């Protein structure tokens with residue numbers, strides 16, 4: 001009996017690490033992954049058909065271990081994959097990091113390899129903390145000659161003292177930077193977006209390549225900081241549709 005229990009425990013552990021079991025609620029196989037360990041864990045959603053672009057989706061506040069996994073955003077990630085995007089969701093930190101970029105790079109590289117290293121435009125979507133990290137990630141990639149085509153920073157947060165920032169002066173002048181600010185967002189408001197704007201201005205980034213989208217509340221939809229986690233028509237109109245249009249514009 002002890003041997004059977006041990007074998008059952010090992011089988012359950014293997015299933016949890018490999019990501020090959022079905023979700024009990026939906027019956028659907030989960031996204032491939034995670035692969036990697038610790039802050040270098042990464043999930044990825046292959047595009048339906050031949051990929052037309054790669055989307056790197058950066059999570060919000062890392063003090064929430066749930067947000068470090070795709071669970072809060074699965075519907076949006078699956079929507080992006082269904083529209084022909086290879087989607088990558090890196091953990092990139094464990095409970096916060098002053099310099100998440102080495103782990104972010106490693107996670108994205110591992111996922112890209114599993115996806116066949118598609119030679120297509122890359123778009124970064126970041127939410128809250130990930131919105132600010134996404135702009136700096138784009139700059140660091142640009143410094144290596146691998147600039148993303150666009151960044152969508154959804155309700156971007158403010159960097160903490162001592163955090164590593166990217167060289168915004170290295171951003172390609174053709175890169176599009178789009179930021180969203182919610183009219184009911186009392187979590188970060190427009191503080192993060194204003195800070196990024198000031199840094200972009202200091203770096204002399206072309207103002208015509210910057211767009212600010214004011215997300216407005218209407219009917220039952222309230223543009224709070226957590227409204228990004230919703231999947232109803234209001235959230236799709238506010239977040240999914242502009243993201244789709246941005247991605248389509250750089251393909």
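The values are calculated or read from the model by the stated rules, or taken from the named source; none is laboratory data. Being a predicted model, the structure only gives us computed values, none of them experimental. Quick reminder, even Gly has a Cβ in these numbers, built from the backbone with ideal geometry, and neighbours come from all protein chains shown.
Kindly list the number of the only condition in (1) more than 24 Å from residue 70 (Cα to Cα); (2) outside any loop (DSSP other than H, G, I, E, B); (3) without any contact (Cβ under 8 Å) to a residue 12 or more places away in the chain that fails for residue 241.
Every listed condition holds for residue 241 apart from (1).
Of the residues 130, 134, only one is under 20 Å from residue 65 (Cβ atoms) and modelled with pLDDT of 95 or more; which?
130 is the lone residue from the list that is under 20 Å from residue 65 (Cβ atoms) and modelled with pLDDT of 95 or more.
Consider only pairs whose beta carbons are under 7 Å apart and that are at least six residues apart or on different chains; among these, list those whose first residue lies in the range 110-132 and is without any contact (Cβ under 8 Å) to a residue 60 or more places away in the chain and whose second residue is surrounded by fewer than 24 Cβ atoms within 10 Å (Cβ to Cβ) and in a strand (DSSP E or B).
Every condition considered, no pair remains.
Residues in the range 74-91: is at least one on the phi < 0 side of the Ramachandran plot, in a loop (DSSP other than H, G, I, E, B), touching a strand residue (DSSP E or B) at 6+ places or on another chain (Cβ under 6 Å) and crowded, with 19+ Cβ neighbours inside 10 Å?
No, there is no match, as no residue in the range 74-91 is on the phi < 0 side of the Ramachandran plot, in a loop (DSSP other than H, G, I, E, B), touching a strand residue (DSSP E or B) at 6+ places or on another chain (Cβ under 6 Å) and crowded, with 19+ Cβ neighbours inside 10 Å.
In the range 213-230, how many residues are in contact with a helix residue (DSSP H, G or I) (Cβ under 7 Å, 6 or more places away or on another chain) and surrounded by 14 or more Cβ atoms within 10 Å (Cβ to Cβ)?
7
Just checking, which of 39, 106, 111 is crowded, with 24+ Cβ neighbours inside 10 Å and either modelled with pLDDT under 95 or over 11 Å from the mean Cα position of the chain (by Cα) (or both)?
Every option except 111 fails the conditions.
Have a look at 138, 150 and point out the one that is touching a residue at least 60 places away in the same chain (Cβ under 8 Å), within 16 Å of the chain's Cα centre (by Cα) and within 17 Å of residue 243 (Cα to Cα).
Criteria check complete, one pass: 150.
Have a look at 233, 161, 148, 242 and point out the one that is on the phi < 0 side of the Ramachandran plot, loosely packed, with under 14 Cβ neighbours inside 10 Å and modelled with pLDDT of 95 or more.
233
Any residue that is under 21 Å from the mean Cα position of the chain (by Cα), loosely packed, with under 14 Cβ neighbours inside 10 Å and closer than 20 Å to residue 60 by Cβ - is there at least one of those in the range 167-181?
No: zero hits.
For the range 48-73, name all the residues that are in contact (Cβ under 8 Å) with a residue 12 or more places away in the chain, more than 13 Å from the chain's Cα centre (by Cα) and either surrounded by fewer than 22 Cβ atoms within 10 Å (Cβ to Cβ) or in a helix (DSSP H, G or I) (or both).
Matches in the range 48-73: 48, 49, 50, 51, 52, 63, 65.
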